[in-house]
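What follows is a single structure, written as structure tokens, with notes after it.
The values are calculated or read from the model by the stated rules, or taken from the named source; none is laboratory data. From a predicted model like this one, the values you see are computed outputs, not experimental measurements. Methodologically, a virtual Cβ is constructed for each residue, glycine included, from the backbone with ideal geometry; neighbour enumeration extends over all protein chains shown.
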Amino acid sequence: MNDTTLSKNRPSATVGATAAQQLERDVASWEGTEVAKFISKAPERQATFTTQGGFPIKRSYTALDLADTPLEDIGLPGRFPYTRGPYPTMYRGRTWTMRQIAGFGTADDTNERFKYLIEHGMTGLSTDFDMPTLMGYDSDHPMSEGEVGREGVAIDTLADMERLFAGIDLTKISVSLTINPSAWIMLAMYVALAKRRGYDLNALSGTIQADILKEFQAQKEWIYPIAPSVRIVRDCITYCAQNMKRYNPINISGYHISEAGGSPLDEVAFTMCNLIAYVEEVQKTGMHVDEFAPRLAFFYVCQADFFEEIAKFRAVRRVYAKIMRDRFGAKNPESMRLRFHCQTAAASLTKPQYEINVVRTGLQALSAVLGGAQSLHTNGRDEAFAIPTEEAMRIALRTQQIIADESGVADVVDPLGGSYFLESLTTQYEKAIFKIIDEVDAQGGTIKLTDENWFQRRIADFAYETAIKKASGEKPVIGVNKYVLADEKFDIELHPYDETTAKRQIAGLNKVRKERDNAKVAKLLDELIAVAKDPTKNIMPVTIELVDAGASMGDIVEKLKTLWGTYREKPVF
Amino acid sequence: MQSNGDRIRVIIAKVGLDGHDRGVKIVARTLRDAGMDVIYTGLHRTPEEVVEAAVQEDVDVIGVSILSGAHMTVFPRILDALKAKKADDILVVGGGVIPDDECEALKKLGVKEILLQDTPPAEIVAMVKRVVTERGTR
């Protein structure tokens, strides 16, 4: 190998033509001698190996495998195409935000859990809401029966929001609100609360999920048909771009696509399809991509396949950078760097031998960190049973703290960059993501295909394949289909559900209804309809006025149903 | 053995606000692939809607999937609605995330069988066949 061949003739990212030919001969001879001899005595465990997402895995990788990866696509941290991370110093500056999601019972109950987690070193808040809140029902609606405060915290009115964050300075900690079809109302409550407390809105940092397209595709929380639902998302994005400079108005999420059974490739590819739909929608208002793209944020799962997950994160950063620059004409580098929150895979946790879920979660968390996540939630070991106990959450948080403070992995940026295997897999992922985007474009785009169940069907297909592989043992799950303990008894203390929650919550809601100015609320609800009818208007300001006047989430949601109707899925399986 | 030819008829249902449909779709496919007639309701149905559909479709079994924790509310309402329609020869089975002691409580109320996460497809099929055989002709 000499320098002239290296620079003149570049068949791959790291070796020149002459060196490549030599390497090719070496690989062939190695396969023919050492490998062949070894395999004749001791065959490999399987005839072929693939990642969990189905990408073939070779025996070993060399510089030849970087032929499709130009050096500039690997690049440098904090520089286009951001494969190696969105920031130049990454965790050497500040380690990721440790953001454990919490939410159950009433606002008071969750406020107490928030304070417990902050006391134990948590650096960001994340809020889980109960099903009625997520779907826009008041706690006393018949559909809410049995669900109030069960899977998350119940929020009906601004009064609940005030108690949820009592004693917590929202200019000092970032807050994530995990909510979708009714997200804009929650955002309005957050803004109204901030105004009451006299905060500068531009000082608030945080994220609202508000990613409705993946709801239709995967998580299945919805209220209105697709078109008005996407318009609401557009309004959140434009409102925040103009009024909340540090706030992420959307968290485009792959997590739920994975949890619904989708493949890791579909997880990231679908988020890019959804991204494109949202950006196009906002651009129609005349806003330039650089005015809002710097605050677009993402949310992914870290699954069990360690290297595949890291490649997935690196690839989607590269794809995003190219889409934003080349497809949407972004000029500001901040519009091209993908930032993401990560959560370990809840569906990978098992009831049998549940203690070992701590190890699963630890490995998944490590892949998120090596993949360059900006914030991370680690699941509690007891989540296959119920929502986690305080102790389970503390162990989960400590898992992150061990990675950050003891393992040393946070001291170097993208330590796996340059790995033949990982760079090769990253590039394969990039190409496969672009292929799916092309396919979606060719068939009429994300919104049309969502309506036609295209995404839903792909997710269900992969979920079914996975179930078959688990049943046959082809996909080992320790404690479930391998190393099973006979007659295992679960001696586990679970988070209890307080049966008085619904009663307490409804009493609070009725108090607000009694004390508010009902005429004012009615007038504002009429204004809301007028705004909703005019697609050039933004729905946020009137919603902020409504929640400030004591309107409940149900008041607002039901009023708009009279205009927009509701979404009903065409079920496929 | 069954009321309607020799194919077992099953309605697979999601009730309430719970949107977790990964498992329910796998179960629906598994039973269909095993030769049963399968109807899937889609999400967010009320117990009364499910029972209405079950009676109209003349099914042998209602399978309800629930992962939200509201099972102690949902199952009793389905069982009551079946009784009210004098259709309590339709068998009710369940699946999802349900604590062991509450599985027992639900069985006492009349739920025939509850299958939890990671039950292999073959066991799901065997269970449905078994409960229908045990019920006998109707």
query: Would you pick out the residues in the stretch A:390-410 that are acidic (Asp, Glu) and over 19 Å from A:Arg94 (Cβ atoms)?
result: A:Glu390, A:Glu391
- line: Taking the stretch B:64-73 and keeping residues surrounded by 22 or more Cβ atoms within 10 Å (Cβ to Cβ), outside any loop (DSSP other than H, G, I, E, B) and either among the basic types (Lys, Arg) or within 12 Å of chain A (Cβ to nearest Cβ) (or both) leaves B:Ser65, B:Ile66, B:His71
message: Of everything in the stretch A:197-212, what is surrounded by fewer than 24 Cβ atoms within 10 Å (Cβ to Cβ) and touching a residue at least 40 places away in the same chain (Cβ under 8 Å)? Give them in sequence order.
response: A:Leu201, A:Asn202, A:Ala203, A:Leu204, A:Ser205, A:Gly206
message: Are there helices (runs of 4 or more DSSP H) fully within the stretch A:506-573 with at least 2 residues that are in contact (Cβ under 8 Å) with a residue 40 or more places away in the chain and not assigned by TED's automatic domain parsing to the domain that holds A:Gln217? List them.
response: A:540-548, A:553-564
message: Could you list, ordered by first residue, the pairs with Cβ atoms under 8 Å in which the first is in the stretch A:436-458 and touching a residue at least 60 places away in the same chain (Cβ under 8 Å) and assigned by TED's automatic domain parsing to the domain that holds A:Pro225 and the second is surrounded by 13 or more Cβ atoms within 10 Å (Cβ to Cβ) and acidic (Asp, Glu), at least 6 apart or interchain?
response: A:Ile436/A:Asp266; A:Phe455/A:Asp266; A:Arg458/A:Asp266
Residue check for A:Ala507: under 30 Å from B:Pro99 (Cβ atoms) and modelled with pLDDT of 95 or more: yes
message: Take the residues in the stretch B:117-137 that are in a helix (DSSP H, G or I) and touching a helix residue (DSSP H, G or I) at 6+ places or on another chain (Cβ under 9 Å); name whichever of them is farthest from the other protein chains (Cβ to nearest Cβ).
response: B:Val128
query: For residues in the stretch A:552-573 being of a type in the set (A, V, I, L, M) and touching a helix residue (DSSP H, G or I) at 6+ places or on another chain (Cβ under 7 Å), which is farthest from the other protein chains (Cβ to nearest Cβ)?
result: A:Leu563
task: Could you list all residues from the stretch A:404-430 that are β-branched (Val, Ile, Thr), within 15 Å of A:Leu370 (Cα to Cα) and in a helix (DSSP H, G or I)?
output: A:Val409, A:Thr426
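Any chance you could count how many residues in the stretch A:90-102 are small (Gly, Ala, Ser) and without any contact (Cβ under 8 Å) to a residue 60 or more places away in the chain? Outline the logic, then answer.
First, pick out the residues of the stretch A:90-102 that are small (Gly, Ala, Ser): A:93, A:102.
Among the residues that remain, those that are also without any contact (Cβ under 8 Å) to a residue 60 or more places away in the chain are: A:93.
Total meeting the criteria: 1.
Would you check if A:Val413 is surrounded by 15 or more Cβ atoms within 10 Å (Cβ to Cβ), more than 21 Å from the chain's Cα centre (by Cα) and closer than 20 Å to A:Pro352 by Cβ?
no
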- prompt: Do you know which of the residues in the stretch B:3-41 that are of a type outside the set (Val, Ile, Thr) and in contact with a Lys or Arg (Cβ under 7 Å, 6 or more places away or on another chain) is farthest from the other protein chains (Cβ to nearest Cβ)?
  reply: B:Ser3
- request: Name the one entry in A:Glu334, A:Glu383 that is over 27 Å from A:Gly105 (Cβ atoms) and of a type outside the set (A, V, I, L, M).
  value: A:Glu334
message: Could you check the stretch A:33-57 and list, in sequence order, the residues that are of a type outside the set (A, V, I, L, M, F, W, C), free of Cβ contacts under 8 Å to residues at least 40 places away in the same chain and either closer than 20 Å to A:Leu422 by Cα or buried (at least 17 other Cβ atoms within 10 Å of the Cβ) (or both)?
response: A:Thr48, A:Thr50, A:Pro56
query: Is it true that A:Gly121 is surrounded by fewer than 23 Cβ atoms within 10 Å (Cβ to Cβ), of a type in the set (Gly, Ala, Ser) and touching a strand residue (DSSP E or B) at 6+ places or on another chain (Cβ under 8 Å)?
result: yes
Sole residue being within 14 Å of chain A (Cβ to nearest Cβ), part of a helix (DSSP H, G or I) and modelled with pLDDT of 95 or more, chosen from B:Asp80, B:Asp101: B:Asp80
task: Please find, within the stretch B:107-116, the residue that is farthest from B:Lys25 (Cα to Cα) out of those that are within 14 Å of chain A (Cβ to nearest Cβ) and surrounded by 17 or more Cβ atoms within 10 Å (Cβ to Cβ).
output: B:Ile114
- prompt: Which of the residues spanning the stretch B:81-111 are free of Cβ contacts under 8 Å to residues at least 24 places away in the same chain and not hydrophobic (A, V, I, L, M, F, W, C)?
  reply: B:Lys83, B:Lys86, B:Asp88, B:Pro99, B:Asp100, B:Asp101, B:Glu104, B:Lys107, B:Lys108
- prompt: Just wondering, is there one or more residues in the stretch A:282-299 that are on the phi < 0 side of the Ramachandran plot, touching a residue at least 12 places away in the same chain (Cβ under 8 Å) and in contact with a Leu (Cβ under 8 Å, 6 or more places away or on another chain)?
  reply: yes
query: Which members of the stretch A:115-170 meet the condition of being more than 13 Å from every other protein chain (Cβ to nearest Cβ), among the charged types (D, E, K, R), in a loop (DSSP other than H, G, I, E, B) and touching a helix residue (DSSP H, G or I) at 6+ places or on another chain (Cβ under 7 Å)?
result: A:Asp140, A:Asp156
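Condition check ((1) buried (at least 18 other Cβ atoms within 10 Å of the Cβ); (2) under 20 Å from B:Ser68 (Cβ atoms); (3) touching a His at 6+ places or on another chain (Cβ under 8 Å)) across all residues:
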site	(1), (2), (3)
A:Glu355	no, no, no
A:Arg360	yes, no, no
A:Gly372	yes, no, no
A:Leu376	yes, no, yes
A:Asp382	yes, yes, yes
A:Phe385	yes, yes, no
A:Ile402	no, no, no
A:Asp405	no, no, no
A:Gly408	no, no, no
field: Number of the exception - A:Thr350 against (1) closer than 19 Å to B:Pro99 by Cβ; (2) in a helix (DSSP H, G or I)
entry: (2)
task: Filter the stretch A:375-391 down to residues that are in contact with a helix residue (DSSP H, G or I) (Cβ under 7 Å, 6 or more places away or on another chain) and among the small types (Gly, Ala, Ser) and give me whichever is nearest to the other protein chains (Cβ to nearest Cβ).
output: A:Ala384
statement: Reported set for the stretch A:28-87 where residues are among the aliphatic types (A, V, I, L, M) and part of a loop (DSSP other than H, G, I, E, B) is A:Ala42, A:Ala47, A:Ala67, A:Leu76
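Quick test for you: out of A:Tyr464, A:Tyr497, pick the one residue that is within 14 Å of chain B (Cβ to nearest Cβ), outside any helix (DSSP H, G or I) and surrounded by 14 or more Cβ atoms within 10 Å (Cβ to Cβ). I'd like the intermediate steps shown before the answer.
Numbers: A:Tyr464 fails: outside any helix (DSSP H, G or I).
Being within 14 Å of chain B (Cβ to nearest Cβ), outside any helix (DSSP H, G or I) and surrounded by 14 or more Cβ atoms within 10 Å (Cβ to Cβ) holds for just one of A:Tyr464, A:Tyr497, which is A:Tyr497.
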query: Only one residue in A:Tyr116, A:Tyr91 is in the same structural domain as A:Val413 (by TED's automatic domain parsing), over 18 Å from A:Ser419 (Cβ atoms) and surrounded by fewer than 16 Cβ atoms within 10 Å (Cβ to Cβ), so which one is that?
result: A:Tyr116
